[in-house]
């Protein structure tokens, strides 16, 4: 049987329980072009991200991947598994860059449901609060963040 991926991945509020873990796949290898274009597009001209010569005298000896690019990729990885049908993202908190990310690093992520609760203002929706952790190809923790999103309930 062939399954429609978008239908197979649908998740409703009732599908989430505290403690559930979702391992997101595939990973993403971040290229120099990814980092350079994102940094320029977002007007972040910090030489830490775009200037190899400058970074030769820096402790890391190579450009760092823009932290907001790492966040964007990691959240994006989680969407298909968690919030493809979300009504809205409600917020991000406790964002930590635990280790630097460099060009050529491959990032993998997993999310854990921290809690769920009924929406107080919308009876047909609930709020899912989760933590996502990202690791590089060496299994080093590079990013943690928490986010909440508004999820539809199943229609009975």
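The values are calculated or read from the model by the stated rules, or taken from the named source; none is laboratory data. Here the structure is a predicted model, which means the values were calculated and not measured. Ideal geometry is used to build each Cβ from the backbone, glycine not excepted, and the neighbour counts take in all protein chains shown.
Would you mention how many residues in the stretch 112-156 are in a loop (DSSP other than H, G, I, E, B), surrounded by 15 or more Cβ atoms within 10 Å (Cβ to Cβ) and within 21 Å of the chain's Cα centre (by Cα)?
Taking the stretch 112-156 as the starting set, the residues that turn out to be in a loop (DSSP other than H, G, I, E, B) are 119-124, 136-140, 153-156.
Next cut, surrounded by 15 or more Cβ atoms within 10 Å (Cβ to Cβ) only: 119, 136, 153.
Those still in the list that are within 21 Å of the chain's Cα centre (by Cα) too: 136.
Here the count works out to 1.
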Options 29, 70: the member that is crowded, with 18+ Cβ neighbours inside 10 Å and in contact with a strand residue (DSSP E or B) (Cβ under 7 Å, 6 or more places away or on another chain): 70
Hits in the stretch 31-62 (condition: closer than 17 Å to residue 105 by Cα, out of contact with any helix residue (DSSP H, G or I) (no Cβ under 7 Å at 6 or more places or on another chain) and assigned to a loop (DSSP other than H, G, I, E, B)): 31, 60
Does any residue of the stretch 48-57 turn out to be touching a residue at least 24 places away in the same chain (Cβ under 8 Å) and in contact with a strand residue (DSSP E or B) (Cβ under 7 Å, 6 or more places away or on another chain)? no
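Have a look at 99, 109 and point out the one that is touching a residue at least 40 places away in the same chain (Cβ under 8 Å), part of a loop (DSSP other than H, G, I, E, B), within 12 Å of residue 134 (Cα to Cα) and touching a strand residue (DSSP E or B) at 6+ places or on another chain (Cβ under 6 Å).
99
For the stretch 9-20, check the following and say yes or no: at least one residue is over 25 Å from residue 153 (Cβ atoms), at pLDDT below 95 and in contact with a strand residue (DSSP E or B) (Cβ under 9 Å, 6 or more places away or on another chain).
No, that holds for no residue.
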